[in-house]
Amino acid sequence: MSNHCYFCQTALSASAQVCPQCGQPQVLRGSYRLIALLGQGGFGTVYRAEDTRFTRTYALKLIVSPSAAEQRQIQAEADILARYASTFTFIPEIYDWWTEGNRTILAMEYIPGQTLAELLEQAGPLDGATAQRLLRTLLEQLEQLHAAGIVHRDIKPENIKQTPDGRIVLLDFGIAKQSGATLTAAK
């Protein structure tokens, strides 16, 4: 069986750790095989990855963070996700985080489905009833976050995802603010 490099699409053996064509790592921390690019922001990149130990899918957020202060801010994002995901079903779970040199990596719940941006691009404007349901759900979610002292600060169609079962999930808490401390990271 062969795989393809998530970056340049070169055919690879299933055991390849690094793409011989572009030099991109294919496996992080010994078990997270990068499968596809999900999104890219100003500070980082999110990939769909498979954990080869458990055959489980994750979203891996790789953030270039050259300073210790930035790494602490990224850890604060991870802390928000870890602390509130079990309370708020509209926040992705976080399972792990680590630092490799100047990169910080967050292993998070992979949320299947399309972002609102993708849905709008594919189907055009939402009808009134659908838009009203979506906005009501988002406002309820934001009210819950604000009651917990969290301000998302980056609500946009790319950071709102609808799962196949209709669940609305807020993504990218990288510039969220909690109790007066700004958290900066990336998508």
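The values are calculated or read from the model by the stated rules, or taken from the named source; none is laboratory data. Here the structure is a predicted model, which means the values were calculated and not measured. Using ideal geometry, Cβ is built from the backbone for each residue, glycine included, and neighbour counts are taken over all protein chains shown. Calculation scope for accessible area: heavy atoms of the full protein, side chains included, ligands and nucleic acids excluded. Shrake-Rupley method; radii C 1.70, N 1.55, O 1.52, S 1.80 Å.
For residues in the stretch 53-63 being open to solvent by less than 40 Å² (accessible area, probe 1.4 Å) and not hydroxyl-bearing (Ser, Thr, Tyr), which is modelled with the lowest pLDDT? Residue satisfying both the conditions and the ranking: 63.
When the stretch 76-93 is filtered for residues that are open to solvent by less than 50 Å² (accessible area, probe 1.4 Å) and assigned to a loop (DSSP other than H, G, I, E, B), the ones remaining, listed by number, are 85, 88, 90, 91, 92.
Let's see how each residue does on (1) closer than 20 Å to residue 159 by Cα; (2) touching a Lys or Arg at 6+ places or on another chain (Cβ under 9 Å); (3) not small (Gly, Ala, Ser):
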| residue | (1), (2), (3) |
| --- | --- |
| 3 | no, yes, yes |
| 36 | yes, yes, no |
| 51 | no, yes, yes |
| 59 | yes, yes, no |
| 86 | yes, no, no |
| 93 | yes, no, yes |
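Taken over the stretch 121-143, the criterion of being closer than 25 Å to residue 91 by Cβ, open to solvent by less than 80 Å² (accessible area, probe 1.4 Å) and part of a helix (DSSP H, G or I) is satisfied by 130, 131, 134, 137, 138, 141, 142.
So that you can scan it fast, the table gives a plain yes or no per residue for (1) in contact with a Phe, Trp or Tyr (Cβ under 8 Å, 6 or more places away or on another chain); (2) surrounded by 14 or more Cβ atoms within 10 Å (Cβ to Cβ); (3) farther than 19 Å from residue 153 by Cα:
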| position | (1), (2), (3) |
| --- | --- |
| 18 | no, no, yes |
| 22 | yes, no, yes |
| 28 | no, yes, yes |
| 33 | no, yes, yes |
| 39 | no, yes, no |
| 65 | yes, yes, yes |
| 74 | yes, yes, no |
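Among the residues making up the stretch 45-66, those that are over 12 Å from the mean Cα position of the chain (by Cα) and in a strand (DSSP E or B) are 50, 51, 56, 57, 64. Just a yes or no: is a residue in the stretch 94-107 buried (at least 19 other Cβ atoms within 10 Å of the Cβ) and within 20 Å of residue 5 (Cα to Cα)? Yes, some residue in the stretch 94-107 is buried (at least 19 other Cβ atoms within 10 Å of the Cβ) and within 20 Å of residue 5 (Cα to Cα). For the stretch 124-153, a tally of residues being among the acidic types (Asp, Glu) and within 24 Å of the chain's Cα centre (by Cα) returns 2.
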